[in-house]
Amino acid sequence: MIKLLSHLSHIEITAPDPAASVAYYEEQVGLRAIASEGGKTYLRNWGDYYTYSLVISHGPEPSLAVMAWRTTSDEALDEAARRIEAAGVQGDWHDSGFGHGRSYTFTGPYGHAMQLYWEVERYHAEGRFVSIYPDRPERRSRHAVAPRQLDHVTIAASDVRGFAKWYSDVLGFRIMAYTNLDEGPITVFGVLTTNEKSHDLGVVLDGSTRAGRINHYAFWVDTREDLLQAADVLMENGTDIEYGPSIHGIGEQNFLYFRDPSGMRVEVNTGGYRNYVPDWEPNDWTPSGGSNNFYRNSAMPMSMTESFPPADGPSATEEGVHPDTREALLNPYAKHGQG
Ligand SMILES: [Fe+2]
């Protein structure tokens with residue numbers, strides 16, 4: 001298959017109080033709102049090469065409205081749409097959108113809206129935001145967390161391996177790793193990528209009856225010191241850190257997680273390996289093997305299993321849930337040494 005997708009370019013989330021969310025991202029995270037129109041506010045990080053990477057619109061609950069990837073070419077956009085429709089999914093073409101050209105939007109088999117486009121506006125800062133360096137779209141910010149750019153999105157799906165297989169078969173994502181329960185052959189997490197990063201798309205197991213949910217999305221900072229200082233600044237300004245800072249075994253990335261005013265989980269991320277192997281085969285990890293916590297010396301808070309919008313129901317697979325594994329399945333990382 002020719003390479004179809006380049007990277008995650010933006011995500012749109014909904015919030016019950018978009019004004020509060022926009023203010024939070026501007027004041028406490030360090031993004032900048034660059035436009036509001038049609039009920040949507042467009043925000044950017046200082047290092048985002050395109051106009052924006054986060055869109056906030058109104059919705060009754062926190063949710064993922066759409067995740068957008070840039071293709072590798074105009075031809076790749078047509079080929080991606082052709083492959084999606086050959087797989088039995090029908091999407092819609094739009095002539096243009098804010099900051100990008102024609103796009104193809106579809107809802108994948110697990111309920112997640114995805115937008116693809118090739119033509120996109122590059123961002124060129126003006127006035128006091130101009131960098132002295134020609135490759136930078138904007139001068140470096142030190143405001144709040146000051147993320148450099150959007151990094152990845154992690155969704156929730158009822159079948160982790162089924163989700164990964166569809167996006168790999170149809171759109172060419174490389175599947176990089178899986179996490180299976182220590183207690184049995186149930187896959188609770190997987191990571192996929194369109195490029196050399198360990199992942200720009202993650203998937204956690206979702207046993208609820210609500211399709212299309214999101215677990216979190218992540219911004220990138222340059223160094224671990226930046227990440228630790230971000231944790232410090234968030235704490236000082238009244239945002240609790242839900243989990244971290246620590247290092248994931250999978251991807252070997254430094255992480256911390258917190259919540260925005262809608263309850264949506266946001267990650268700050270840095271480090272990690274580069275993997276260029278075109279025929280990489282995903283290895284199987286376990287929580288006790290350090291999939292989530294490289295150091296195998298903590299437990300993950302139960303709140304981290306919440307995805308959005310909220311939903312009831314245990315996590316399960318089509319094989320069902322054995323009573324002995326039910327507790328572990330709800331949060332396989334909750335035991336000391338597994339999270
Ligand atoms: Fe993540």
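The values are calculated or read from the model by the stated rules, or taken from the named source; none is laboratory data. All figures in this text were calculated on a predicted structure; none of them were measured in a lab. Cβ coordinates were reconstructed from backbone atoms using ideal geometry, including for glycine residues, and neighbour counts include every protein chain displayed.
Taking the residues in region 24-35 that are of a type outside the set (D, E, K, R) and touching a residue at least 12 places away in the same chain (Cβ under 8 Å) as candidates, determine which candidate is surrounded by the most Cβ atoms within 10 Å (Cβ to Cβ).
This residue is 31.
Since residue 216 meets every condition but one in (1) within 16 Å of the ligand (Cβ to nearest atom); (2) more than 29 Å from residue 237 (Cβ to Cβ), which condition does it not meet?
Just one mismatch for residue 216, condition (2).
Output the residues belonging to region 186-206 that are in contact with a strand residue (DSSP E or B) (Cβ under 9 Å, 6 or more places away or on another chain) and either among the polar types (S, T, N, Q) or part of a loop (DSSP other than H, G, I, E, B) (or both).
186, 187, 193, 194, 195, 197, 198, 199, 200, 206
From 65, 23, grab the single residue that is among the small types (Gly, Ala, Ser) and either touching a helix residue (DSSP H, G or I) at 6+ places or on another chain (Cβ under 8 Å) or part of a strand (DSSP E or B) (or both). Outline the logic, then answer.
Numbers: 23 fails: either touching a helix residue (DSSP H, G or I) at 6+ places or on another chain (Cβ under 8 Å) or part of a strand (DSSP E or B) (or both).
Going through 65, 23 in turn, the sole match is 65.
For a quick check of your reading: which strands (runs of 3 or more DSSP E) sit entirely within region 226-292 and have at least 3 residues that are within 16 Å of the ligand (Cβ to nearest atom) and either under 20 Å from the mean Cα position of the chain (by Cα) or not polar (S, T, N, Q) (or both)?
On the way: elements: 243-247, 253-259, 265-271, 283-285.
Once the strands (runs of 3 or more DSSP E) in region 226-292 are filtered for at least 3 residues that are within 16 Å of the ligand (Cβ to nearest atom) and either under 20 Å from the mean Cα position of the chain (by Cα) or not polar (S, T, N, Q) (or both), what remains is 243-247, 253-259, 265-271.
What tally of residues in region 166-224 results from selecting those that are under 30 Å from residue 144 (Cα atoms) and surrounded by fewer than 18 Cβ atoms within 10 Å (Cβ to Cβ)?
So the count comes out to 5.
Can we say residue 154 is buried (at least 23 other Cβ atoms within 10 Å of the Cβ), modelled with pLDDT of 95 or more, within 30 Å of residue 338 (Cα to Cα) and of a type in the set (Ser, Thr, Tyr)?
no
Tally the residues that are crowded, with 16+ Cβ neighbours inside 10 Å and over 22 Å from residue 259 (Cα atoms), restricting the search to region 290-313.
Qualifying residue count, region 290-313: 4.
Do any strands (runs of 3 or more DSSP E) lying entirely in region 77-183 carry at least 1 residues that are within 16 Å of the ligand (Cβ to nearest atom) and among the charged types (D, E, K, R), and which ones are they?
149-157
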